[in-house]
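J.: Please read through the structure below; I'll follow up with questions.
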Amino acid sequence: MADENLRERLREAARAHEPDRARMLARVERGMADSPDTGTERRRPARARPWPRIALAAAAAVGALVAGGYAVATAVRIPEPPGKVTTLPVPPAGPGEQRPASPPAPSAPGGGVPRPESGPLWSDGSVDPHSNAYWAQSNVTVQTKRPLTALTVELRIAQTGGVHDTGHWSTLPPADFTVSVGERDGVLVYRWTLKAGRTVPAGRHVFAGQYNHAEGGRDAKDDVYTATAEGPGGPWRVQGVF
């Protein structure tokens, strides 16, 4: 019975005892310092790095990484797209307001309004881009969706100074047309007339007049053309300016 009481007291003392960790570590260090080494020198115990310093160093390293990442992210940040531009429609004119009038259409031969299309015919007049300060070529383009049994194309070049004929040509066979060139009332006139019994096929055809003129840029605003044609469902007439 005495032995059981003694054992119980020892167990309680063991549970109540809290070891002194610092003293134990000191004893271990002294034991390591006093133990002999294989050489002539004694091995110095490694000093444990204080935990507060380790924590501070780790925090500083993390802070540096975070700061560096922020700097990189700032350097490569993609700029935001510009704001969207909205175009508002022009409001209608209010009472009493006036809109600028459209310029009047240029006059065609005979003082009429240009009419570049009629039935199966479409036409266009233009100054060739290869024209220069001394010479020019004016092109009349006629496009037809049907074969034509009669066609007359007339090109009128206003006399702006030094204008005189230097040649002419057409994409259609020259033998199918009668061509005349002459000046009348201060206008150089080129005329292509389809010969009897010939036919103009459906398609796009060009008639060109070539001429010299006074030095400088020539204004073709007074040049005009007409084309009259016959065929199934005709006749038709187109006219225009340059």
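The values are calculated or read from the model by the stated rules, or taken from the named source; none is laboratory data. All of these numbers come straight from a predicted model, not from anything done at the bench. Cβ atoms come from the backbone with ideal geometry, glycine included; neighbour counts cover every protein chain shown.
J.: All but one of (1) among the charged types (D, E, K, R); (2) touching a Phe, Trp or Tyr at 6+ places or on another chain (Cβ under 8 Å); (3) in contact (Cβ under 8 Å) with a residue 60 or more places away in the chain hold for Asp165; state the number of the condition that does not hold.
T.: Among (1) among the charged types (D, E, K, R); (2) touching a Phe, Trp or Tyr at 6+ places or on another chain (Cβ under 8 Å); (3) in contact (Cβ under 8 Å) with a residue 60 or more places away in the chain, the lone unmet condition for Asp165 is (3).
J.: Tally the residues that are touching a Gly at 6+ places or on another chain (Cβ under 9 Å) and of a type in the set (A, V, I, L, M, F, W, C), restricting the search to the stretch 122-135. Walk me through how you get there before you give the answer.
T.: Quick first cut of the stretch 122-135, residues touching a Gly at 6+ places or on another chain (Cβ under 9 Å) only: 123-125, 133-134.
Right, trim to of a type in the set (A, V, I, L, M, F, W, C) and you get 133.
Count: 1.
J.: Hey, can you tell me all the residues within the stretch 159-175 that are closer than 30 Å to Pro201 by Cβ and surrounded by 16 or more Cβ atoms within 10 Å (Cβ to Cβ)? So that I can check it myself, show each step before the final result.
T.: Residues of the stretch 159-175 that are closer than 30 Å to Pro201 by Cβ, as a first pass: 165-175.
Within the stretch 159-175, Asp165, His168, Ser170, Leu172 qualify.
J.: Out of all the residues in the stretch 215-234, which are surrounded by 13 or more Cβ atoms within 10 Å (Cβ to Cβ) and over 37 Å from the mean Cα position of the chain (by Cα)?
T.: Initially, the stretch 215-234 is screened for residues surrounded by 13 or more Cβ atoms within 10 Å (Cβ to Cβ), giving 218, 220, 222-231, 234.
The answer is Asp222, Asp223, Val224, Tyr225, Thr226, Ala227, Thr228, Ala229, Glu230, Gly231, Gly234.
J.: It is to be established whether one or more residues within the stretch 192-213 are more than 23 Å from Gly119 (Cα to Cα), outside any strand (DSSP E or B), touching a Ser or Thr at 6+ places or on another chain (Cβ under 9 Å) and at pLDDT 95 or above.
T.: yes
J.: Pairs under 6 Å by beta carbon, first residue among the acidic types (Asp, Glu) in the stretch 176-199, partner surrounded by 13 or more Cβ atoms within 10 Å (Cβ to Cβ) and in a loop (DSSP other than H, G, I, E, B), six or more apart or different chains?
T.: Note: pairs meeting the criteria are Asp176/Arg198.
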